[in-house]
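A short write-up of the structure that comes next.
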Amino acid sequence: MSVESGKLTIALSKGRILKGSLPLLAAAGIELSEAPADSRKLLFATSHPQVRILIIRASDVPTFVSYGAADMGVAGKDVLLENDVSGFYEMMDLQIARCRLVLASRPDADLGKPCLKIATKYVKTTRDWCAAHGYQIEVVRLYGSMELAPLVGLADAIVDVMESGNTLRENGLVVRDHIMGISSRLIINRASMKVKTGLIKPIMKKISAAMPDEVTC
Ligand code: ADP
Ligand code: MG
């Protein structure tokens, strides 16, 4: 492990996850030394003398935590389901960055046709869900702007996360099926959980107490 045993590194990503995590971390006495939005820094000291925070891409959080480059991290369930790394425990559902994974298309699209083309960045989850629900599909892997795919004939449908549905609506797409509810999870490196229990447990307890509804998994 690359970090000293008396120190704790937490991996977060900018945007919704940072916004949702900051109040929970603050309840555990962990506040950023400066506002990350005003900074290009990726590594931040905090008000907790033993804790530092990394700000990285949302999809990289499981990798950092799995390899012990960070002891703890916050990642969306959508990201965790797509990831192959397994060096961490999924400890708590933080109930932040909540959204839904949906199958969407133009209203007139025939989803019953053989070899339905689906554009998504959630390749694994899409394959699993479609196999379980009798859709014969071909996956077109995209990294963003999925909504465009059905409009330009790249795909018949998309699988993407949605909160209000505004982006889908603005692009003339409708929800055809709800795949699952998504929220962000607190993940902890397996070795850190053993070696740094004394540091991790009190933080988890305070985070848990600060949540509106205490949900652990
Ligand atoms: P990225 O664009 O790198 O995936 P985001 O900040 O957009 O990073 O998303 C981080 C996490 O927030 C996602 O993995 C997902 O769990 C959740 N999320 C993504 N889009 C939405 C949304 N529209 N509403 C709520 N949560 C979302
Ligand atoms: Mg995004």
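Scanning the chain for chymotrypsin sites (Phe, Trp or Tyr not before Pro) lying in DSSP loops with no more than 16 further Cβ atoms inside 10 Å, the longest uninterrupted stretch between such sites is 68-142. Counting protein heavy atoms only, the stretch 88-217 has 50 percent of its accessible area on carbon and sulfur, 1.4 angstrom probe.
Principal semi-axes of the equivalent ellipsoid, √(5λ) from the alpha carbon gyration tensor of the stretch 140-205, are 40, 14, 9 Å from largest down. Derived scalar couplings between HN and Hα for the stretch 65-70 equal 6, 4, 8, x, 5, 10 Hz in order, rounded to whole Hz, by the Karplus curve 6.51 cos²θ - 1.76 cosθ + 1.60 (θ = phi - 60°), x for Gly and Pro. The loop-placed trypsin sites (Lys or Arg not before Pro) in the stretch 37-133, going by DSSP, that have at most 14 neighbouring Cβ atoms within 10 Å of their Cβ come out as Arg40, Lys41, Arg57.
For Gln95, the residues 5 or more places off, or on other chains, whose built amide H falls under 5 Å of its own are Ser184.
Against the chain, whose longest principal axis comes from its Cα atoms, helix 123-132 is set at around 60 degrees. What the chain shows is 51 Å² of accessible area per residue, with the surface traced by a 1.4 Å probe over protein heavy atoms.
Past 21 Å, Cα to Cα: identify those pairs from Lys77/Lys194; Lys14/Lys41; Lys7/Lys41; Lys19/Lys206; Lys7/Lys201; Lys19/Lys194, in the order given. Write out the running numbers ahead of the final one.
Values: Lys77/Lys194 24 Å; Lys14/Lys41 12 Å; Lys7/Lys41 19 Å; Lys19/Lys206 18 Å; Lys7/Lys201 14 Å; Lys19/Lys194 29 Å.
In this structure, Lys77/Lys194; Lys19/Lys194 exceed 21 Å between Cα atoms.
Karplus-based coupling profile of the stretch 39-56, in residue order and whole Hz: 9, 9, 5, 10, 10, 10, 6, 10, 5, 8, x, 9, 10, 10, 10, 9, 10, 9, with θ = phi - 60° in 6.51 cos²θ - 1.76 cosθ + 1.60 and x standing for Gly or Pro.
So which GluC sites (Glu not before Pro) in the stretch 1-102 are both in a DSSP loop and have at most 12 other Cβ atoms within 10 Å of their Cβ? Listed in order of number, the matching sites are Glu4, Glu34.
Rounded, prolate or oblate for the stretch 99-180? Axes are the square roots of the Cα gyration tensor eigenvalues, ordered a ≥ b ≥ c, and the cut-off for rounded is a/c under 1.5. Judged from the Cα gyration tensor, the stretch 99-180 comes out rounded (a/c under 1.5). The separation of the stretch 74-90 from the stretch 138-214, counted between C-alpha centres, amounts to 11 Å. Against the chain, whose longest principal axis comes from its Cα atoms, helix 16-27 is set at around 30 degrees.
The values are calculated or read from the model by the stated rules, or taken from the named source; none is laboratory data. The structure presented is a predicted model; accordingly, all values stated were derived computationally and were not measured. Glycine gets a Cβ as well: all are built from the backbone with ideal geometry, and neighbour counts include every protein chain shown. These area figures cover heavy atoms from the full protein model, side chains too; ligands, DNA and RNA do not enter into them. Shrake-Rupley method; radii C 1.70, N 1.55, O 1.52, S 1.80 Å.
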